[in-house]
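One structure below.
Where a number appears in this text, it was derived from the coordinates with a stated rule and is not lab data. Owing to the predicted nature of the structure, the values given are computational and were not obtained by experimental measurement. Ideal geometry is used to build each Cβ from the backbone, glycine not excepted, and the neighbour counts take in all protein chains shown.
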Amino acid sequence: METTGCRSDAEPGDALASRGWVVLPRFFDPGLVAALRDEVHRAGLVGMRRAGIGRGRQRRVLDAVRGDWIRWLDGSTAAQREFLERLEDLRIRINRALMLGLFEVEAHFALYPPGTGYECHLDAFQQDNPRRLSAVLYLNRHWRRSQGGTLAIHDARGQIVEHILPEAGTMVLFLSQTVPHAVLPTRRWRASIAAWFRVRDIGDGPGTR
Ligand code: OGA
Ligand code: MN
């Protein structure tokens, strides 16, 4: 069993810089992944809410576009705290390698019921969105391709260039502003944690109100 959180042979910065996304199959300790999976399955949909599209007053819940239920991580369990610490290590590492100026992270559990997915989108479409790097950790054991629910990475012309199985322990990193992606319809319950590294809010800077 692995005891370290990160694999030294996987340098996420290189692939991120060259193509905008990278898959890290065993980034976290398997015990941590199991604890996070237990947490999401113990609670089920209790405490979760339907995810929306858009922010603030523009927010809408549209089943045809996005079918997941979410709960934000608040550091209330040991597993959440360890996960957020690992993301903090990653934030520092990525900033050193890529100078993205990542400042903070936000993360939510996501559960997609059978029959749902998330249409092709960018995580930061509007100019003022501070999200720069997206990270998704999957929590599902023994996922098979026939069960659907893959993360489909698209190129700029809208062609799918890779399918990533949402298998427990796999983490995907991608640039929030430039990598279009979709969750294809899933045939079984699909659990994950989606996280976004953000730059300091544009509105906080000098010379702005
Ligand atoms: C998202 C998203 C991908 C996934 O939550 O914005 O694109 O594989 N998630 O769960
Ligand atoms: Mn997304």
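With θ taken as phi - 60° and the coefficients 6.51, -1.76 and 1.60, list the Karplus ³J(HN,Hα) couplings across segment 69-77 in order, rounded to whole Hz; mark glycine and proline as x.
So the Karplus estimates, Gly and Pro as x, are 10, 10, 9, 6, 6, 10, x, 7, 10 Hz.
List, in order, the whole-Hz ³J(HN,Hα) value for each residue of segment 127-137 obtained from phi through the Karplus relation with A = 6.51, B = -1.76, C = 1.60 and θ = phi - 60°; use x for Gly and Pro.
So the J values, rounded to whole Hz, are 3, 8, 6, x, 6, 10, 10, 9, 9, 10, 10.
For a quick check of your reading of the filter: which trypsin sites (Lys or Arg not before Pro) in segment 105-166 sit in a DSSP loop and have no more than 16 other Cβ atoms within 10 Å?
Answer in residue order: Arg141, Arg144, Arg157.
Any idea which of Phe103, Gln159, Phe197 is furthest toward the positive side of the dipole for the chain, if Lys and Arg beta-carbons carry +1 and Asp and Glu beta-carbons -1?
Of the listed residues, the answer is Gln159.
Rounded to whole Hz and in sequence order, give me ³J(HN,Hα) for segment 34-42 from the Karplus expression 6.51 cos²θ - 1.76 cosθ + 1.60, θ = phi - 60°, writing x for Gly and Pro.
With coefficients 6.51, -1.76 and 1.60, one gets 5, 5, 5, 5, 4, 4, 6, 6, 4 Hz.
Just need the relative contact order of the chain here, percent rounded to a whole number, with Cα pairs under 8 Å and 6+ apart.
Here the relative contact order equals 26 percent.
Find how much the distance from Asp155 to Trp189 grows on full extension, using 0.36 nm per residue of separation minus their present alpha carbon separation; answer in nm with one decimal.
Net length gain for the segment: 9.5 nm.
Rounded if a/c is under 1.5, else prolate if a/b is larger than b/c, else oblate: which is segment 41-143, with a ≥ b ≥ c the root eigenvalues of its Cα gyration tensor?
oblate
Once you charge only the Cβ atoms, +1 for Lys and Arg and -1 for Asp and Glu, what is the size of the charge dipole of the chain about its Cα centre, to the nearest 20 debye?
My answer is approximately 660 debye.
Taking the radius of gyration and the Kirkwood hydrodynamic radius from Cα positions alone, what is the Rg/Rh ratio for segment 98-152, to two decimal places?
Result for segment 98-152 is an Rg/Rh of 1.01.
Taking amide H positions as placed in the peptide plane 1.01 Å from N, state which residues far from Asp68 in sequence (5 or more) or on other chains have amide H under 5 Å from it.
Distant-sequence amide H within range of Asp68: Ala51.
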